[in-house]
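Read the structure below first, then the notes.
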Amino acid sequence: EIAEVAGHGLGLMRTERKEDPPDRAEQRLKSHFATQSLRGFGIEKAGGAVQAAAMVLDYAQSNGLKLGHVDSLSVYSVDGFMSLDPSTRRSLELTTNMMDGSRRYTLLGVLDYTCSPMGARLLRRWIEQPLIQAEEIRLRQGAVARLLEHGITRGDLRDRLKKLGDLERMVSRCSAGLAGPRDLAGLKRTLFEIPDLEDDLRKVALEKLQELRKRVGDHRDLAARLHQAVVDDPPLTTRDGGIIRPGFDVELDKLRSLQKDGRNYIAALETEERERTGIDRLKVGYNSVFGYYLEVPKNRLDKVPDHYIRKQTTAGAERYITAELKDHEAMVMGAEEKMVALEEQIFLRLREAVALEAAGLLQTARALAELDCLAALSEAAHRLGHSRPELVDEDVFEVVEGRHPVVEEQNRLFVPNDLTLGRERMMILTGPNMSGKSTFLRQTALIQLMAQIGAFVPARSARLGLCDRIFTRIGAKDELALGQSTFMVEMIESANILNNATRRSLVILDEVGRGTSTFDGLAIAWAMVEHLAGVGAKTLFATHYHQLNAIADRIPGVFNARVAVEERGDEVIWTHRVLRGGTDRSYGIQVARMAGLPSQVLLRAAEILGELESESGPQSVPSPSLQNVQLTLFEVEEPPMVRELKSMDLTRLTPMDALMKLDSWKKQVD
């Protein structure tokens, strides 16, 4: 099929030439598919898709690819999937980690129990494209549950799947005329495994699994033909020969017999000539220039028969040929050339036979890939103790004893936490560094995402509504090539969230506003909380701005939570427990001590912190009036008028100067 590649093809072709006119593109597709209209494909009104598909065909054809197997066309659309922006993919480390770009410590790394290359590719696509249709998600969940209940059958299926080759790739290579002998041998082995796999699948075939079983085609005739024709371990290319089994082709067998007879004659010639001539050190040799020859040492030249024809002189011997030797050489060499050519013809016919069945083979390959993914998710649920989430029509997130799937895999002593977002839509989460705030935020997003790919989730129980999108902004980095600072990157990502989040979205924000001054950062964070509360998106907002706890008293649906710690003198112990109610401490100095900062730096930091806390007094919070927020947001940073008033020497201030200063201050307030 021409499916997901159409959009990519458009980009490729733009580098080659200008886009085709719509009429020309439509005619190109009609001609290829031999149809009067594109209406049957459902794209007659999709002008861009028509052009893209036509350009893909032209691109493939211009690169020498055969297109006979391209017999249908379908439209790929992202409308059926949850859209995940690059920031969210990066922050959640779905398929690559932020440390070294590998799949270690990623969701894919935890869930990938697939047994075949086809399944591995599809599982990656599932993770990157969560579903938004509840019915399809429930079908996947049902298949995972069914395989989880039948552990023995699941194990048998997985054993069968491990024996499969990359059916999808092998068939595609055959269709494109690129497959080699080993592709056909691998295809043969794979097709022979399918009937046994289908028998195992029949034992659990209900709903989704039954649908997959029906999609697995019967390819026994093709498998038998390939088995009769292709040896089990063929060479890499057709030039090497030895691809076709004896007995498959009569003409090929005759040539092999001729070659064998000629080789047998040449092998026996050395013994015969030694006995006939009395030259005990006579040898039969071969090189690519002269072919076969008889080599006689120079001290035996007096015994060389007259019918020997000298061909070459070497340091210690003379090389000869005979008419009879050349006749047998021609027979051997001619047979070998004809055998290689004939084997290549037979191979090409076999490859074409595979291409003719490409549509059915690819349907089977996709069904097996999906089965592999479902079995992998079931295996993950079994090994990791995941549970089936309940999908509901309500817009809720209710999780009991939720866990982070990746962190838990590395640390079995993971502390689970509950979370409920429903009537209360937004959690403002405060707590110290290293206490687990970011882990809690990420696990919430990952649980929602896992549920929407049809997987079981790391929780004792979960009751979830569907999300249209998941947004995360966790951490930031400079984009030097684009001239963007860390704070600019943070604001760009935040702007994307604020402009696109809906009530059905899940929003994860961690430490927004830390890239600028305390005053500006707190103001931005406060305004973002108010905006998201107005949107009604389910939101987790982790922050060190403890002043934000006051929002819960002002805006319905917002509540405070904290990550609890235990204090033992100067030492703090992270409990990783998320509890209701905010906190007003960050324990930054304790974390700095754990990181190894010099003791004199820590002592000085403690002194400065004490001075700041004593000077600031009770911390104020913004009033409902936006025009007053700037004056009362964070009192450690004194208003300019207060600083100016403290610096005045009133003994030298004249009445006129005092009036002018008051007038200046009044203008600033107005």
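So here's what we get for this one:
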read-out: Lys, Arg +1 and Asp, Glu -1 on Cβ, resulting dipole of the stretch 422-470 about Cα centre, debye, nearest 20; value: 80
read-out: Label-point separation, R554 to E272 (7 Å along Cα→Cβ), nm; value: 10.8
read-out: Mean residue ellipticity (222 nm) of the chain, computed from DSSP H runs ≥ 4 via -39,500 (n - 2.57), nearest 500; value: -16500 deg cm²/dmol
read-out: Sequence ranges 138-144, 303-309, 155-161, ranked by mean other-Cβ count within 10 angstrom, highest first; value: 138-144, 155-161, 303-309
read-out: K254-D218 pseudo-label distance in nm [points 7 Å out on the Cα-to-Cβ vector]; value: 3.7
read-out: Contour minus Cα-Cα distance for K30 and F519 (0.36 nm per residue); value: 169.6 nm
read-out: Top positive-direction residue, dipole computed over the chain with Cβ charges, set N433, N549, L342; value: L342
read-out: Order by protection proxy (mean Cβ within 10 Å, highest first), peptides 341-348, 270-277; value: 341-348, 270-277
read-out: DSSP H segments from the chain that extend 30 Å or more along their own axis, Cα-based, with Kyte-Doolittle mean of 0.0 or above; value: 323-356, 358-384
read-out: Debye, to nearest 20: dipole size of the chain, +1 on Lys, Arg Cβ, -1 on Asp, Glu Cβ; value: 860
read-out: Average accessible surface area per residue within the chain, 1.4 Å rolling probe, Å²; value: 50
read-out: Average Cα contact separation per residue, the stretch 44-178, under 8 Å, 6 or more apart, as relative contact order %; value: 25
read-out: Around P195: net Lys/Arg minus Asp/Glu count, Cβ-Cβ under 9 Å; value: -4
read-out: Whole-number percent relative contact order across the stretch 389-508, with pairs defined as alpha carbons under 8 Å at least 6 apart; value: 33
read-out: Dipole in debye (nearest 20) - the stretch 173-222, about Cα centre, beta carbon charges: Lys, Arg +1; Asp, Glu -1; value: 140
read-out: Where labels lie 7 Å past Cα in the beta-carbon direction, separation of E566 and L650 in nm; value: 5.4
read-out: The chain - percent of accessible surface contributed by carbon and sulfur, probe 1.4 Å; value: 51
read-out: Extension gain, T502 back to R423 (0.36 nm per residue minus Cα-Cα distance, nm); value: 26.9 nm
read-out: Förster-model FRET efficiency, 25 Å R0, D232 and L67, C-beta, rounded to 0.05; value: 0.20
read-out: Using a Förster distance of 60 Å, the FRET efficiency for N411-E611 (Cβ separation, nearest 0.05); value: 0.95
read-out: Counted charge near W526, where neighbours are those whose Cβ lies closer than 12 Å (Asp, Glu -1; Lys, Arg +1); value: -1
read-out: Rounded if a/c under 1.5, otherwise prolate or oblate - the stretch 260-304, Cα gyration tensor axes; value: oblate
read-out: Relative contact order (%) - criterion: Cα under 8 Å, at least six apart; region: the chain; value: 13
read-out: Dipole axis of the chain (+1 Lys, Arg; -1 Asp, Glu on Cβ), positive-most option in L29, H219, S91; value: H219
read-out: Structure-derived Kirkwood radius over Cα pairs in Å: which label, when the choices are (i) 31.9; (ii) 29.2; (iii) 26.4; value: (i)
read-out: Theoretical FRET efficiency, 1/(1+(r/R0)^6), r = Cβ-Cβ of Q345 and L301, R0 51 Å, to 0.05; value: 0.60
read-out: As computed over the stretch 519-592, the Cα convex hull volume per residue (Å³); value: 104
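The values are calculated or read from the model by the stated rules, or taken from the named source; none is laboratory data. In this text the structure is predicted, and so the values were computed from the model without any measurement. Note that we place each Cβ from the backbone using ideal geometry, even for glycine, and neighbour counts take in every protein chain shown. Protein only, heavy atoms only, side chains kept; ligands, DNA and RNA dropped before computing areas. Shrake-Rupley method; radii C 1.70, N 1.55, O 1.52, S 1.80 Å.
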